[in-house]
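The values are calculated or read from the model by the stated rules, or taken from the named source; none is laboratory data. Treat the numbers as computed from the prediction; the structure is a model and nothing was measured. A quick note on method: Cβ atoms are made from the backbone with ideal geometry, for glycine too, and the neighbour counts reach across all protein chains shown. Each accessible area value is taken on the protein alone, full model and side chains, heavy atoms only, with ligands, DNA and RNA left out. Shrake-Rupley method; radii C 1.70, N 1.55, O 1.52, S 1.80 Å.
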Amino acid sequence: QVQLVESGGRWVQAGGSLRLSCSASGDSFDGFAMAWFRQAPGKEREFVASITGFHVTNYAVSVRGRFIISRVNANNTLYLQMNSLELADSAVYYCAARLHSATQNANLYNYWGQGTEVTVSS
């Protein structure tokens, strides 16, 4: 079991940067693969980035080169550094966790946070 709480979402101007955090509590954090997903109004939830307990990362094509996912296992915290933000990045961002391997399939994640909203405007 793990409980997840996201923070850091806010309004930001296009081209700006933002860092999201996800604080985890419960079972051993480093045993979980972690991921960020996002969901814009009227759209399906989509994969953003994932990171394994060994810090192996994977990114959606749309954010590769702009976003960086990281984790500090000692602090039970997951991060998403978002740079060069675009209007299309506006969404509610969710962190998710599952045991063992990371995946882009949201249905395979067992634990979810409540989400934090990011609004990018011109």
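Summary of values
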{"item": "Evaluated over the chain, the Cα radius of gyration and Dmax, each in Å", "result": "13.2, 41"}
{"item": "For segment 25-42, 3J(HN,Hα) per residue [Karplus equation, 6.51 cos²θ - 1.76 cosθ + 1.60, θ = phi - 60°, Hz, x = Gly/Pro]", "result": "9, x, 5, 3, 5, 6, x, 9, 7, 10, 8, 10, 10, 9, 9, 8, x, x"}
{"item": "Karplus-derived HN-Hα couplings along segment 8-18 (A = 6.51, B = -1.76, C = 1.60, θ = phi - 60°), whole Hz, x at Gly and Pro", "result": "x, x, 6, 6, 8, 7, 4, x, x, 10, 7"}
{"item": "³J(HN,Hα), Karplus 6.51/-1.76/1.60, whole Hz, each residue of segment 94-108, x for Gly, Pro", "result": "10, 9, 9, 9, 8, 6, 6, 7, 7, 8, 8, 8, 4, 5, 8"}
{"item": "Under the Debye formula (equal points on every Cα, no solvent term), log10 I(q)/I(0) of segment 65-105 at q = 0.32 Å⁻¹", "result": "-1.24"}
{"item": "Gained length - ARG64 relative to ASN105, 0.36 nm times residue gap less alpha-carbon distance", "result": "13.0 nm"}
{"item": "For the chain, size of Cβ-based charge dipole, Lys and Arg +1, Asp and Glu -1, in debye", "result": "140 debye"}
{"item": "Label-to-label distance, nm, for residues given as VAL5 and PHE54 (7 Å Cα→Cβ offset)", "result": "3.2 nm"}
{"item": "Alpha carbon Rg of segment 1-53, scaled by the compact-globule rule 2.2 N^0.38 Å", "result": "1.34"}
{"item": "Rounded percent of accessible protein surface that carbon and sulfur make up, segment 35-109, 1.4 Å probe", "result": "53 percent"}
